[in-house]
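Down below is the structure, laid out as structure tokens.
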Amino acid sequence: MSTGSDQDRSEILQGTLDLMVLQTLATMGTLHGFGLARRIEQISEGSLELNQGTIYVALLRLQQKGWISSEWGTSANKRRAKFYSITKAGRKRLHEEVENWERVSTLMLRFLRLNEE
Amino acid sequence: MLPVLRTLVSRWKGFFSASKLDEELAGEIDSHLAMLAEENVRRGMTEDEARAAARREFGSITRLTERHREARGLPRLETMLQDLRYALRILKKSPVFMTVAVLTLGFGIGLNTTLFSVVNTVALKPVPVGDAGRFLRLERWFASGALGENQYAFSYAEFRYLAEYNQGFSSLMAASFPLRVAVSLPLDAPTTLATTASLGSPERVTAQLVSANYFSELGVGMALGRGFHSDEDQVAGANPVAILSYPYWQSRFGADPLILGKVLKVNDTAFSVIGVTPRGFVGTGNPPVIPDFWTPLSMQVEVLPGQDWLNQPLDYEVQLLGYLAPSASRKQAQADVSVLEKRFGQDHPDRDNRTIAVTVQPVTFFGNTEDPRFQAIVVLLMTIVGMVLAIACANLANMLLAKASGRQNEVAVRLALGASRVRLVRQLLTESVVLALLGGVAGVLFSLWGTRVLWLAAGQFAGAHSAFVTQIPPDGRVLGYTLLLSICTGVLFGLSPALQSSRAELTTSLNDAGTAFGHRLDRSRLRGILVTAQVTISTLFLIVAGLLAGGLVRSQHVDPGFEVRAVYPLGLPSDIDPVKSNALREQEIRRLEALPEIQRVALTDYVPLGGTWTTEVDVPGAAPGAASLGTLARHISPAYFDALRIPIVRGRNFTREEAQSGAEVAIVTNAFARRAWPGHDPIGKKIRMQRGFREKWATFEIVGIAGDVRSANISRLDPAIVYLPARSANLHDYWALLRIAGDSRAAMAAIRTTLERIDGRSRPGFSLVSLEDGAVQDEILTARTFTFSAMFLAGVALALATIGVYGVMAFLVSQREKEIGIHMALGANRRNILLLMLRQGMRPVVIGGVLGIMGALGVSGLLRAILIFPGSVDVFYGGHWFDPATFIGLSCLLAGIALFACYLPAQRATQVDPLVALRHE
């Protein structure tokens, strides 16, 4: 059973994972679950340790909120898979979040640099 | 906001397409794994290694599926459904238990629901009229402190006065109390006012006289025809119109669509039907009766000949109802009418009955529901019935515990597999709640049947009023109450077993060593106390019911000590002018005396079995302790004793002259004489008492002793009566008692003719009721109702106690299986085991029985002690308050039943195979 802090950590993780998925879909277009997981691993250059399965929970949540949509299709290797793409609402949300992150990180950096001096 | 909403919608959809989503996810996972495996193969692994590595990299599939499921549906709802399905499955496995439990609960809940339903309809719900929140009834308060129905009675003059000058009400209406009148109905097609040929024989119906604005102010739209016009109550006798009630129109006229214009003949007058009230209209109650028809107050003389409401300012006959003005508060309206009433009282002083205040109250069907006595009774009843339910719950809890101990294994396994305790408790509670809800459904069905029975019984009891509300539709409030009650019940009796079960310690349970060996004693003591309490209550109820039943049997053969079969009370006519009134009465008495069918005509101011006057009597020089007695008294004419065939055992009767002049002589009963002057001759002794109700004191000389009678009620011999001579100067309050020889029908016809000739008013439906058919039957009916209710309660208590005993015994047996196994292994035979269990099971029963007997002794002794005033009813009809046959017999009956209830599970205990018991549960 997860303890309190574990749960907090996983929630934060969920939030950032959602964002990563949105960003990846926004830049790379339509992907299936496997492809998405691979891309995220590539971009993070291995610093993100993630069980690949967890991406599906993130995809479910994003779908529920209407930020991505899905469709069954066939992959390059002739496998049946579900393909996900970002929606207009999703793009809007992504844009808001990016702005948010930029603001927060600038602020934090300023503080932290301050401390150093 | 939007994403949250979308999530909710999506979750809702996910709940319904759970399996489809599961499949989809499985499909996705499959292809993901396959793709991973492919990649691994490309990197150089073998097929098997590739697949294994893929699995590892992917992570736990089960965990993913779980989390996916959690995120996607409505988890709380899903677990509740799961619990529900499981609970139903478990219940189906033990049908006997389920049936017993549902019936027990159904009964307990049904009882509560019935009572609540009745109270709701009759007392709590406001009368179903428009804007009931502002609809009020006026109540007056007398200087004498008199309470009761007469607090709602005002005179017509007061009505007009208050209606004109009040400022608190936007409208004021007057409505009489329900009246029994004789009505002749048309046999067929509409008749004109003139013909009488096609009218049927008269029947008695209930009528109500109302002001013309009654229906219009209440906002009642007629089902047929119209209401009263506002001018239809202005001129006395000018508007013989009637509005029928819906039930009356349906039952008596077969819902005839051509009813308008048909004629009802009430006494001499033909009333034309102008409308029919809608189906849901029940009137304004107080008493809770739907009148058969309404007619304007201006028609009072035609409907009730011999009275004059419109012109008598102190004749209190009508209730006053009104709508509060939008600008006024209740307090203001109350103060306003109080002041007006005072002013009216100054113009028309009522010396006997001064009104000191007027208050207002909401209008309920029953009448005065703010009377603390009424509320106390309701609370008492609901508490009693609530306790019945609580006992039923306790019983069920015991039975559930017995069952639960057999499920220790299952619970332990589930806990071991990771179920949280909360989840477990919730699931066990669900079982109880499901049981309770089933019980609730049974309860509603019970109560539908129960209210009907109760209402029919009450309708019988009410006697005089025919149109009792015959149906109580199940109300939303009642159903809500039942639902709440069921759930609370389920939680109540399910909580203890649920908590107890879930506390199972894992290792001990799994090792089959966790039994109740050395089980906590405080728990079982509580159970023992509960059973003892149930047995006590059952014994108490049973014995009291037995005593009452004995009384009922005795009541059938009681001899009142005077003639009841052939004696008929008759009210004497009256007129506005008191002198003319007296003359009329004297004429009537003389004419009646002359009739050959009538053997004797006596006068009395209190008809035997029809009310009493109790007064203080001073006996100077009497034996100590008898100096001042509360005594029944009445004024009689000399023919009284002969008419009622009461013997005069010593001395003489009153003479005619003594009666005419109101001489200061008295006749007392044997019982009185024995108490006041034991061993002495009472003739010639003197007593001091008031001449009449609230009159001056005077001294009377005893001239005769009469036989003892039961004239207050037939349950007990009157302790003392004093007879005073009637004063013919004022016959205002007197009744005539007619002893009739032979066939009563001939006599009735003769009496009717005589009366009609005297005052010229026709009496089509005239008939008298003998004392036996009237008063005596009423009392026996009361006794019967009382007794049957007690027997019913006793039966209920007994059933519950039996179930309780059984439940506890079953639990004990289940707990002590291992111990029994050891006993048997050590050489005890079946009989020893049986005796051992029975001894333990019967101990609380015996204690309870003894306590119950003591309680019953106390109750019957108490009843005897407090009900000893003159005129009180002896509920046991002379039965000894300690009747050994009843007490001992019924206790043994109860003990026998309890023994049987103990025996069944104890018997099962002896079937225990010691080897099996020792090895595992």
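Just so you know, all these numbers are worked out from the coordinates, no wet-lab data involved. Keep in mind that this is a model prediction, so the values were computed, not measured. Cβ: placed from backbone, ideal geometry, glycine included. Neighbour counts: every protein chain shown.
Peptide B:19-31 shows a mean partner chain C-beta count of 3 within 10 Å per residue C-beta. Against the main long axis of the alpha-carbon atoms of chain B, helix B:744-759 sits at an angle near 60°. Which angle from 0 to 90°, rounded to the nearest 10, does the C-alpha axis of helix B:95-119 make with the longest principal axis of chain B? Result, in degrees: 40.
Say the cut-off is 21 Å between C-alpha atoms; which of A:K65/A:K88; B:K13/B:K92; B:K93/B:K403; A:K78/B:K20; B:K93/B:K818 go over it? Result: B:K13/B:K92; A:K78/B:K20; B:K93/B:K818 exceed 21 Å.
Per-residue Karplus couplings for segment A:48-65, computed as 6.51 cos²θ - 1.76 cosθ + 1.60 with θ equal to phi - 60°, are listed in order as 9, 9, 9, 6, 4, x, 5, 4, 5, 5, 4, 4, 4, 4, 5, 5, 4, 7 Hz, Gly and Pro entered as x. Dividing the mean sequence gap of close Cα pairs (under 8 Å, 6+ apart) by how many residues chain B holds gives a relative contact order of 14 percent. Can you tell me the 0 to 90 degree angle between the C-alpha axis of helix B:521-556 and the longest principal axis of chain B, rounded to 10? Between helix and principal axis, roughly 30 degrees. Across peptide B:791-804, the mean count of Cβ atoms from other chains lying within 10 Å of each residue's own Cβ comes to 0.
Structural descriptor for chain A: relative contact order 27 percent, calculated from alpha carbon pairs under 8 angstrom and at least 6 residues apart. Decide, for segment B:646-716, between rounded, prolate and oblate: order the square roots of the alpha carbon gyration tensor eigenvalues as a ≥ b ≥ c, take rounded if a/c falls under 1.5, and otherwise choose prolate if a/b is larger than b/c, else oblate. Judged from the Cα gyration tensor, segment B:646-716 comes out rounded (a/c under 1.5). The 3J(HN,Hα) values that the Karplus relation (6.51, -1.76, 1.60; θ = phi - 60°) gives for segment A:79-93 are, in residue order, 9, 7, 8, 8, 9, 10, 9, 7, 9, 4, 4, x, 4, 4, 4 Hz. Gly and Pro appear as x. Straight-line reach from B:K685: taking Cα to Cα under 28 Å and skipping same-chain neighbours fewer than 8 places apart, the lysines in range are B:K696.
Would you mind pulling out the separation of the Cα centroids of segment B:289-366 and segment B:769-786, in Å? If you average the Cα positions of each part, the centres end up 33 Å apart.
The residues B:T604, B:T539, B:T383, when put in order of fewest to most other Cβ atoms within 10 Å, stand as B:T383, B:T604, B:T539. Is segment A:6-116 rounded, prolate or oblate when judged by the Cα gyration tensor, a ≥ b ≥ c being the square roots of its eigenvalues, rounded requiring a/c under 1.5 and prolate requiring a/b larger than b/c? Judged from the Cα gyration tensor, segment A:6-116 comes out prolate (a/c at least 1.5, a/b above b/c).
A Stokes-Einstein calculation at 37 °C with viscosity 0.692 mPa s, built on the Kirkwood radius of the protein assembly as shown over Cα pairs, returns a diffusion coefficient of 88 µm²/s. Put a plus charge on the Cβ of each Lys and Arg, a minus charge on the Cβ of each Asp and Glu, and nothing anywhere else: the dipole of segment A:6-116 about its Cα centre is then about 600 debye. Listed peptides B:391-398, B:20-27, B:52-59 appear in the order B:391-398, B:52-59, B:20-27 once ranked by packing, highest mean of other Cβ atoms within 10 Å at the front.
Taken along the Cα-to-beta-carbon direction at a fixed 7 Å, the label points for B:A741 and B:R652 span 2.7 nm.
Cross-link reach is defined here as a Cα-Cα straight distance under 17 Å, omitting same-chain residues fewer than 8 places apart; for A:K92 the aspartates and glutamates meeting it are A:D18, A:E102.
Note that segment B:846-853 has calculated 3J(HN,Hα) couplings of 5, 4, x, x, 4, 4, x, 4 Hz, one per residue in order, obtained from phi through the Karplus relation 6.51 cos²θ - 1.76 cosθ + 1.60 (θ = phi - 60°); glycine and proline are x. Within the same chain, lysines fewer than 8 places from B:K342 are excluded, and of the rest, those with a Cα less than 18 Å from its Cα are B:K331. The alpha carbon gyration tensor of chain B gives principal lengths a ≥ b ≥ c with a/c of 1.5 or higher and a/b no greater than b/c, which makes the shape oblate. Shielding value for A:48-59 is 5, the average number of Cβ atoms from other chains within 10 Å of each residue's Cβ.
Of the residues A:L25, B:L793, the one with the fewest other Cβ atoms within 10 Å heads the list, and the complete ranking is B:L793, A:L25.
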